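Undergrad: Just dropping this structure here.
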């Protein structure tokens with residue numbers, strides 16, 4: 001028996017919108033079981049058709065389409081193409097640990113505005129912030145690091161150059 005679209009999302013509490021890399025939202029989303037199943041289907045194959053997902057979870061194609069749109073609109077998930085930067089001419093990837101004084105959010109916002117930086121997190125531990133960057137070569141890496149170090153609140157940086165990607169996954173499920 002097919003289910004109807006129903007209400008896949010119920011707002012509660014506070015959340016961070018981590019799936020999209022966006023700023024924190026004012027509400028946390030609780031997913032129903034059908035929405036979790038849809039997300040898990042898309043994590044296995046982001047190109048899977050709505051009809052195939054519907055067949056797997058017991059919904060119509062239209063109901064799946066509607067739920068996916070709601071999940072996207074609520075910043076619960078996003079569907080993107082993940083590329084291998086090395087095959088596109090970006091020969092250098094690095095993680096940079098940053099120690100700061102002052103307002104971490106202001107520094108994080110400034111770093112997030114740099115095009116080459118694709119990941120910015122405020123952390124606890126040895127570093128105040130971690131960033132990931134992708135660039136064409138070592139000369140460009142040096143230039144970007146100079147811009148990062150020029151931010152007034154940045155006191156020290158430590159760069160971890162990627163030599164080989166051994167695992168990258170986005171399939172941690174929905175718990």
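The values are calculated or read from the model by the stated rules, or taken from the named source; none is laboratory data. For clarity, every value in this text was computed on a predicted model and none was experimentally measured. Here Cβ is always computed from backbone atoms with ideal geometry, including for glycine, and neighbour counts include all displayed protein chains.
Undergrad: Can you say whether residue 157 is touching a residue at least 60 places away in the same chain (Cβ under 8 Å), over 30 Å from residue 39 (Cβ atoms) and touching a helix residue (DSSP H, G or I) at 6+ places or on another chain (Cβ under 8 Å), as far as the supplied structure shows?
TA: Yes; evaluated as a whole, the condition is true for this residue.
Undergrad: Anything in the stretch 125-151 that is modelled with pLDDT of 95 or more, over 15 Å from residue 92 (Cα atoms) and more than 15 Å from the chain's Cα centre (by Cα)? List them, or say none.
TA: 126, 127, 128, 129, 146, 147, 148, 149, 150, 151
Undergrad: Only one of these conditions is not met by residue 162: (1) free of Cβ contacts under 8 Å to residues at least 60 places away in the same chain; (2) surrounded by 11 or more Cβ atoms within 10 Å (Cβ to Cβ); (3) within 26 Å of residue 81 (Cα to Cα). Which number is it?
TA: (1)
Undergrad: For residues in the stretch 99-113 being surrounded by fewer than 17 Cβ atoms within 10 Å (Cβ to Cβ) and in contact with a strand residue (DSSP E or B) (Cβ under 6 Å, 6 or more places away or on another chain), which is farthest from residue 156 (Cα to Cα)?
TA: Here the residue is 112.
Undergrad: State whether one or more residues within the stretch 87-98 are surrounded by fewer than 13 Cβ atoms within 10 Å (Cβ to Cβ), assigned to a loop (DSSP other than H, G, I, E, B), at negative phi and within 20 Å of the chain's Cα centre (by Cα).
TA: If we filter the stretch 87-98 for residues that are surrounded by fewer than 13 Cβ atoms within 10 Å (Cβ to Cβ), which is where we start, we get 87-89.
Within this subset, residues satisfying the condition of being assigned to a loop (DSSP other than H, G, I, E, B) are 89.
Right, trim to at negative phi and you get none.
No, every residue in the stretch 87-98 fails to be surrounded by fewer than 13 Cβ atoms within 10 Å (Cβ to Cβ), assigned to a loop (DSSP other than H, G, I, E, B), at negative phi and within 20 Å of the chain's Cα centre (by Cα).
Undergrad: Only one of these conditions is not met by residue 104: (1) within 30 Å of residue 34 (Cβ to Cβ); (2) touching a residue at least 24 places away in the same chain (Cβ under 8 Å). Which number is it?
TA: Failing condition for residue 104: (1).
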